[in-house]
Amino acid sequence: MALPRLTGALRSFSNVTKQDNYNEEVADLQVHFGTDNGKEAIESAAAFLFKTFHLKDCVGHQETKAIKQMFGPFPSSSATAACDATNRITSYFSKDSLTALVQMTSDEYGDRVLFGKNLAFSFDMHDLDHFDELPINGESQKTISLDYKKFLTDHLQEHSTLNRKPSEKTNDSFLWCEVEKYLNATLNEMAEATRIEDLCCTLYDMLASVKSGDELQDEVQEQALMNARNVPILSRQRDTDVEKIRYPHVYDSQAEAMRTSAFIAGAKMLVTTPEKWDVVTRKSVGDVALSQIVKLLILDEVHLLHEDRGPVLESIVARTLRQVESTQSMIRILGLSATLPNYLDVATFLHVNPCIGLFFFDGRFRPVPLGQTFLGVKSANKGTQIYAAKRGSFVDLGILDVMQIFGRAGRPQFDKFGEGIIITTHDKLSHYLSLLTQQNPIESQFLESLADNLNAEIALGTVTNVEEAVKWISYTYLYVRMRANPLVYGISHKAYQIDPTLAKHREQLVIEVGRKLDKARMIRFEERTGYFSSTDLGRTASHYYIKYNTIETFNELFDAHKTESDIFAIVSKAEEFDQIKVREEEIEELDTLLSNFCELSAPGGVENSYGKINILLQTYISRGEVDSFSLISDSAYVAQNAARIVRALFEIALRKRWPAMTYRLLNLSKVIDKRLWGWTSPLRQFSVLPPHILTRLEEKNLTVDKLKDMRKDEIGHILHHVNIGLKVKQCVHQIPSVTMEASIQPITRTVLRVTLSISPDFSWNDQVHGTVGEPWWIWVEDPTNDHIYHSEYFLVLKKQVISKEAQLLVFTIPIFEPLPSQYYIRAVSDRWLGAEAVCIINFQHLILPERHPPHTELLDLQPLPITALGCEAYEALYNFSHFNPVQTQIFHTLYHTDCNVLLGAPTGSGKTVAAELAIFRVFNKYPTSKAVYIAPLKALVRERMDDWKVRIEEKLGKKVIELTGDVTPDMKSIAKADLIVTTPEKWDGISRSWQNRNYVKQVTILIIDEIHLLGEERGPVLEVIVSRTNFISSHTEKPVRIVGLSTALANARDLADWLNIRQMGLFNFRPSVRPVPLEVHIQGFPGQHYCPRMASMNKPTFQAIRSHSPAKPVLIFVSSRRQTRLTALELIAFLATEEDPKQWLNMDEREVLIATSTLAWGVNFPAHLVIIKGTEYYDGKTRRYVDFPITDVLQMMGRAGRPQFDDQGKAVILVHDIKKDFYKKFLYEPFPDAEEYTDLPVRHNEDHMNSELAKCLPLESNPHSFDSPHTKAHLLLQAHLSRAMLPCPDYDTDTKTVLDQALRVCQNYLVLMLFLRKWSPGMKGPRAGYHGSVECLPELIHVCAGKDHVFSSMIEKELPAPKMKQAWNFLSHLPVIDVGLSVKGWWDDAAEGHDEVSITTLASDKRSDNRWVRLHADQEYVLQVSLQRVSLGFHKGKQDSHAVTPRFPKSKDEGWFLILGEVDKRELIALKRVGYVRSHHVVSISFYTPEVPGRYIYTLYLMSDCYLGLDQQYDIHLHVTPASIAAQADEISDALTDLGVK
């Protein structure tokens, strides 16, 4: 590629020309508009100054005024310097040419600056010679002139022409255009072209450089230019803390990656090392593993397979190939390598099609011939040996490295031949000659690390048994070479003939390694079944890349009581450091380092390798200087690996629940990261504080707590540095700090719920803390028993710190009797030394719950036959012959008595039949009364309705109605009902007006299902219902029986006392009492983050189905709709690897249903196996993952093993490992329910989606509340009304929830909204041949008169035929209601029997007395509203009460609101809701007339609750006359009669 020699002449593109003496002017310019300003600010300033001074010899008054107006106050020397600099520039132009230049740019571009646009002006001026011609390398005949004047003369007109092609890039940048022209003209013939952005970036860097032209020319080499597309040419230092200059049209992917943590997910290409990619793919980082979004994997230098790093490549390729097979999603693999002798083996390993995907080129294909020279030297020099820190010694260059080095000789663009010379020791000469002339096949090194790689696959979940491990090995290069060259790998020729696929050999390898890993406690290997399961130790080793032998060392040496010195000694003995040796020449320096920098003892001393490692690690922490080259290399290697090993030890200690050791290791991990000992001042973590200030702080023992209490001037005085006080104070307040407050609640005598409030107490600084949050660890420790009962990782977000918002953590811990004195809650920062807090839980005054009486024992009774019902109709309802043991025991109390009953029994024990027994009692004894069944969810109500509509209504002839927010029957239907099925909120609203609703008074039994929800957020509603029922019963003197159904309760006696239940009616069976035995398996899964933990549960879920329910239905519960999809996709992927991938498609034999946890209450799906995949959900209210209520978990488990279908059920519960003991202990203990949030969920990362959605909607939202459920509801309502596209499927379901609640909320706001607008009916009948405008729907309906051709003729120009038909179909379904009005009451002069006056609804003159209705003041009247449905005859078929609402998520019954009010006073007088008007309906509205006589206008609105444009408005003109004496006398008489006065 021919590129120009970039001399200093390139700088003529900047705003300066050749200057001999410019330093003073530069300083003035920098003072004037600053060196820190951005590119555009400096550019604009330069243009302004040039325009101001180009015709001036000195700074005058006008110029001073103009500059001051532009820049503000400025030193006069700056203006003078700017004027002089401008004059020097203009001296190169004649007066005419300068005038022409300015005029030309002014005419063409106005005030826009043409020259220098988008170019950062360089004020670090340099010697330039812009008149020199610029030769091009390799083509001396071509020259490029960078003469500024010539440039303008030749090219300005071209760039100013009006007939420029639209496709050309116009950026008003001469540099850009010139580079574009150069590349187009010069590089057309090149196969690989440089991008304009890349070369511009290089040029801009040069223009902004502080180096001289000669220095630049020396630095800019041809190879650097070749790589301009990848890295900046100039190697100037860049401060990573300062934002990089953003050059136009240049994209710096590295800078973008540094700016955002989400870069990887959005990146198109990742460049990484094999080890890093191996670590990343060993564990998922989100809902979808990073490896699953990769479509192309490029492996450079594949020949490394034969080296120590080869096993990493094998592991990556094997994992990728297996992923392709399991997900059926293609990932292309591209391998690049030096020339290999056995390239076919590598191609086989990479699964390359040799016919189309294999390309092999030997030395004959070199574009440039290579001459090779070998020199052997007999001397003491090392020659071709290099120091390898990983091996701790000098090693010979590998032959592939030599070939790679030789390959750099003779580049095609510049040379016709290349020369390679190798100078080595004489004894190695023949070695290299033979290797280069007779290459040996590269072999696999995988056996050496088989244990580590197998453990990684087991921890990842991709290998779960010996069979899968054997198959996994078949994807490695080891397998390819074992078959090609079995003798090298210890396989005899005979064994290979017997077993050509080496299945037995691979199986033996796996079993041997499995035994080793099991012995090291890294996995559990059940050799009898061949199954592997990962352990905490194995997962930690995999995630932190810890070797098997190192884990063995930890098992031998590591315990809970080691000191910091012991820990360093253990780390020093890790296998990762085995290659480090002690050399004779290092001993003296190591001794010095030990004396000067080691704060702890170093067992082994300087003579042993582990002692050397210890010394180097401590020296690194102490920031000691190392002189020896080999020690420098070893020190860097030790520090890099020690940090990882100590972090792994911390995880191990945390899993082992050792509090002191966990605390010690977390601090040591930070000590290594920060290179600061724990006893130094935490302020040493701030680089802004000078070292001598930090030393004084430590000498005066000024702790962070002391400094927080001091003023800045006091700090400065103590430190003898007045101005440093403020900076120290700022740093002190930037050290992360939290305050904690804990409240405790004993759930049972052995379980304690802790609610921990964590408040941030520090100042946020993005440069110090980043832009996301500060990570912390928290654990609860028992100091007496030295044990951690709970640990958790949490993040204090930047937003919470700024707003001082507290974060709540809720968890449970065990307590034991006798009670301990106290527990500690310790919070420790994950990154900062000296950032920790402790909260003490004191048990001194803790009152434990009473010891409740034992559960009801399940008696050994003979199962009761259903004939005990004594009614054949009842018996016919059941498909079994005998009641189960629980039903048998409670039968008499429910069916033959009227006492209140509380039944506590596990899910699946037949509580629904118990409810039916109580209902049958009402049907038998109180046939005219009503029964009410209350279920907590509408889904349960719907389930009961579907069942009882058939069994009770159709077969028994009893009327069953549903009463929910979705379904509200009319009063007549409710009055005729025998059984009402409703929700707590609905029955609460109805029973409030029990005095006016006779059907409420007719209720004889109230059955409350899931009454244990009293302990949850909806509990108060149930309390009110029960209390009101008792109140109604006392007033009507009619007893109302209350039957409560629940799971097993710990405090059943308390609940029974409140329900007025005596011992006879209390049945509280144990949780283990089930008609169908339930087998429960609980598995714990580690991981700080929710999404990766859920991903790790997918394979165990699949295995559980295969093990526990291979041929029966399975029900899987997950926390969210997103998890249902992800889980289903993973299960499908696992099925794809099975011999029969379609085994689950036969729905008649088996079925797998994945549902959200909320459906546990509403799904009536019989399952043999229930899998609960995770017991947490994301709570948008607290913005964190919280636990399911224990009752929800029990409800999910109860779906396993239904009596009608199974004789046994199984439940598998997959939980966070830190909560495994909790569920293990308490799933079968009675447990009061935990708090549950019912707000609209704002899931993880949905705040970003809300932010994007808000940009598409008309109403603005608070930009700081996108994680609020209220903001999300606001956005979803807007999106629904705007018909906007939603970002994900979850939002569709959330919208249904919002709309469901919105109706109820809007009805509550109805009174406030009514008078914001009026509707004018304007329903005058049109004349024949009507051609006027139609303003409302009723008018349109009237005009059409049921004739579709009339409608078509009106809108044929507006809508196509299909849309027209659709519109007519909708119009023909719209209800048309005629309204008639009359007033009933009493008048002085009314004839007997005449107590009603009709009101005209036709528009008339308000002055007409006929329109005014005369009423008496301060008297009650009844407005009779007659609603007549008009049938125009154009819609045939049975009338349907459902409204036409295609965009509403569920069916909606047509309804109406009648509102009576006085508009002028904005006063609501009466409101009544009316259901579906089938034909004719009369509604009565009571109202009182005003006390003051006069004329009033009341307004009656008839408003549809389904359709816009159908509302009607009628004005009622009232002429109020003085009150009637006779009427008042009647009222007094009636009142006395009520009081019993005769």
- Message: Under the rule of at least 5 residues apart or a separate chain, name every residue whose amide H is placed under 5 Å from the amide H of residue 1418.
- Response: 1489, 1491
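Over the stretch 569-636, calculate the relative contact order: mean separation of alpha carbon pairs under 8 Å at least 6 apart, over the residue count, as a percent.
Values: 70 pairs, mean separation 23.4, N = 68.
Normalised by residue count, the contact order of the stretch 569-636 is 34 percent.
Sorting 1268, 337 by accessible area (1.4 Å probe), largest first, what list results?
Ranked from most to least accessible, the order is 337, 1268.
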- Query: Tell me, in nm to one decimal, what length is gained between residue 1414 and residue 959 on full extension, where the rule is 0.36 nm per residue of separation less the Cα-Cα distance?
  - Reply: 159.2 nm
- Query: For the stretch 951-1022, what log10 I(q)/I(0) values come out of the Debye formula at q = 0.18 1/Å, with one point per alpha carbon and no solvent?
  - Reply: -0.79
- List every residue whose amide H lies under 5 Å from the amide H of residue 773, counting only residues 5 or more places away in sequence or on a different chain, with H placed 1.01 Å from N in the peptide plane. 798
- Item | Exposure of residue 840 as accessible area (Å², to 10), given a probe of 1.4 Å and all protein chains | 90
- Accessible area expressed per residue, the stretch 640-686, with surrounding protein chains retained (probe 1.4 Å, Å²): 31
- Between the modelled labels at residue 378 and residue 1080 (7 Å from Cα along Cα→Cβ) the distance in nm is 8.4
- Item | Burial order of peptide ranges 269-276, 1029-1036, 807-814 (average beta-carbon count within 10 Å, highest first) | 807-814, 1029-1036, 269-276
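Stretched out fully, how many nm does the piece from residue 365 to residue 492 gain, at 0.36 nm a residue minus the Cα gap?
Working: separation 127, 0.36 × 127 = 45.72 nm, distance 3.92 nm.
Extra length available between residue 365 and residue 492 comes to 41.8 nm.
Students often check this: by mean Cβ neighbours within 10 Å, which of 1283-1294, 889-900, 345-356 ranks highest, and how do the rest follow? Before the final figure, lay out each step's value.
Numbers: 1283-1294: 14.3, 889-900: 18.2, 345-356: 15.9.
Going from most to least packed, we get 889-900, 345-356, 1283-1294.
Could you tell me the relative contact order of the stretch 1044-1166? Use alpha-carbon pairs under 8 Å, at least six residues apart, and round to a whole percent. Display every interim value, and only then the final one.
Working: 72 pairs, mean separation 28.7, N = 123.
It comes to 23 percent, rounded to a whole number.
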- Query: If the label point is 7 Å along Cα→Cβ of residue 1370, which residues in the stretch 1446-1464 have backbone nitrogen under 19 Å from it?
  - Reply: 1446-1455
- Please work out the average accessible area per residue across the stretch 722-879, using the 1.4 Å probe convention, and give it in Å². 49
- Message: Can you compute the FRET efficiency between residue 51 and residue 692 using 1/(1 + (r/R0)^6), with r the Cβ-Cβ distance and R0 = 41 Å? Round to the nearest 0.05.
- Response: 0.20
- residue 325 accessible area, assembled protein chains, probe 1.4 Å, Å²: 80
- Item | Ordering of 1092-1102, 636-646, 1462-1472 by packing [mean C-beta count within 10 Å, highest first] | 1092-1102, 636-646, 1462-1472
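Can you tell me the FRET efficiency between residue 589 and residue 842 if r is taken as the Cβ-Cβ distance and R0 is 51 Å, rounded to the nearest 0.05? Walk me through the numbers on the way to the answer.
Values: r = 54 Å, r/R0 = 1.06.
That gives a FRET efficiency of 0.40.
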- Message: From zero outward in steps of 10 Å, how is the percent of C-alpha pairs of the stretch 546-698 spread across the bins?
- Response: 11, 40, 33, 14, 1
- How big is the charge dipole of the stretch 785-891 about its Cα centre, in debye rounded to the nearest 20, if each Lys and Arg gets +1 on its Cβ and each Asp and Glu gets -1 on its Cβ? 760
- Note on the structure: Ordering 1247, 1348, 860, 1206 by the accessible surface of their heavy atoms, 1.4 Å probe, largest first, yields 860, 1348, 1247, 1206
- Could you rank 1276, 375 by how accessible they are, 1.4 Å probe, largest area first? 375, 1276
- Calculate, for residue 896 and residue 970, the FRET efficiency according to 1/(1 + (r/R0)^6) with r their C-beta to C-beta distance and R0 45 Å; round to the nearest 0.05. 0.80
- Query: Of 474, 444, 456, which is farthest on the positive side of the dipole of the stretch 408-482, counting Cα position, with +1 on Lys and Arg Cβ, -1 on Asp and Glu Cβ, and the Cα centre as origin?
  - Reply: 444
- Query: So how far apart, in nm, are the two label points at residue 761 and residue 427 if each is 7 Å from Cα heading toward Cβ?
  - Reply: 6.8
- Task: Work out the charge dipole of the stretch 526-578 with +1 on the Cβ of Lys and Arg and -1 on the Cβ of Asp and Glu about the Cα centre, then indicate which of 538, 570, 551 is farthest towards its positive end.
- Result: 538
- Message: Given the options 884, 908, 983, identify the residue whose Cα lies farthest towards the positive end of the charge dipole of the stretch 863-997 (+1 on Cβ of Lys, Arg; -1 on Cβ of Asp, Glu).
- Response: 983
- Message: Rolling a 1.4 angstrom probe over the protein chains, ignoring ligands and nucleic acids, what is the accessible area of residue 926 in square angstrom, nearest 10?
- Response: 80
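The values are calculated or read from the model by the stated rules, or taken from the named source; none is laboratory data. Nothing here was measured: the structure is a model prediction, and the numbers come from that model. For neighbour counting, all protein chains shown are included, and Cβ atoms are generated from backbone atoms with ideal geometry for every residue, glycine included. We work out accessible area using only protein heavy atoms, side chains counted, and drop any ligands, DNA or RNA first. Shrake-Rupley method; radii C 1.70, N 1.55, O 1.52, S 1.80 Å.
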